[in-house]
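Step one of this worksheet: look at the structure below.
The values are calculated or read from the model by the stated rules, or taken from the named source; none is laboratory data. Every value quoted in this text rests on a predicted model; they were computed, and no experiment measured them. Here Cβ is always computed from backbone atoms with ideal geometry, including for glycine, and neighbour counts include all displayed protein chains. We work out accessible area using only protein heavy atoms, side chains counted, and drop any ligands, DNA or RNA first. Shrake-Rupley method; radii C 1.70, N 1.55, O 1.52, S 1.80 Å.
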Amino acid sequence: MGDLYFEVSKHLGKPVSWVIKNKFTPDVKFLLMKYAQIFRNRKKHYDEIKDEYENNKLI
């Protein structure tokens with residue numbers, strides 16, 4: 001969860017404390033949702049590659 005706030009902070013050029021304090025404002029909230037989706041997609045892709053590697057290793 002912390003990585004999410006760091007990414008939005010970097011994107012906006014604001015301190016992490018500012019992002020946390022303003023996390024319910026629409027602009028920040030949508031950025032948090034966007035980066036959360038990006039992180040979920042990366043994790044899903046990583047898991048698919050890992051599963052494929054494990055399946056190929058067994059053959």
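For I38, tell me the accessible area in Å² from a 1.4 Å probe, rounded to the nearest 10.
Roll a 1.4 Å probe over it and I38 shows about 50 Å².
Only helical DSSP H runs with n ≥ 4 go in: add -39500 (n - 2.57) per run for the chain, normalise by residue count and round the 222 nm mean residue ellipticity to 500 deg cm²/dmol.
Rounded to the nearest 500, the figure is -28500 deg cm²/dmol.
Pairing the Cα long axis of helix 2-12 with the longest principal axis of the chain, what angle in degrees results, from 0 to 90 and rounded to the nearest 10?
Relative to the chain, helix 2-12 is tipped by roughly 60 degrees.
Got a sec to turn the phi values of region 43-52 into Karplus ³J(HN,Hα) couplings, 6.51 cos²θ - 1.76 cosθ + 1.60 with θ = phi - 60°, whole Hz, x for Gly and Pro?
5, 5, 4, 4, 5, 5, 5, 4, 5, 4
Within region 11-59, count lysine pairs with alpha carbon atoms under 19 angstrom apart where the residues are 8 or more positions apart or belong to different chains.
Step by step, the pairs that qualify in region 11-59 add up to 8.
Might you work out the accessible area of E48 for me, using a 1.4 Å probe with all protein chains in place, and round it to the nearest 10 Å²?
100 Å²
Answer with a single label: of (i) 12.9; (ii) 13.6; (iii) 18.4, which was calculated as Kirkwood radius over Cα pairs in Å from the structure in view?
Given (i) 12.9; (ii) 13.6; (iii) 18.4, the structure-derived one carries the label (i).
Report the chymotrypsin sites (Phe, Trp or Tyr not before Pro) located in region 14-59 that are in a DSSP loop and have at most 10 other Cβ atoms inside 10 Å of their Cβ, or state none.
Within region 14-59, the qualifying chymotrypsin sites (Phe, Trp or Tyr not before Pro) (loop, at most 10 other Cβ atoms within 10 Å) are F24.
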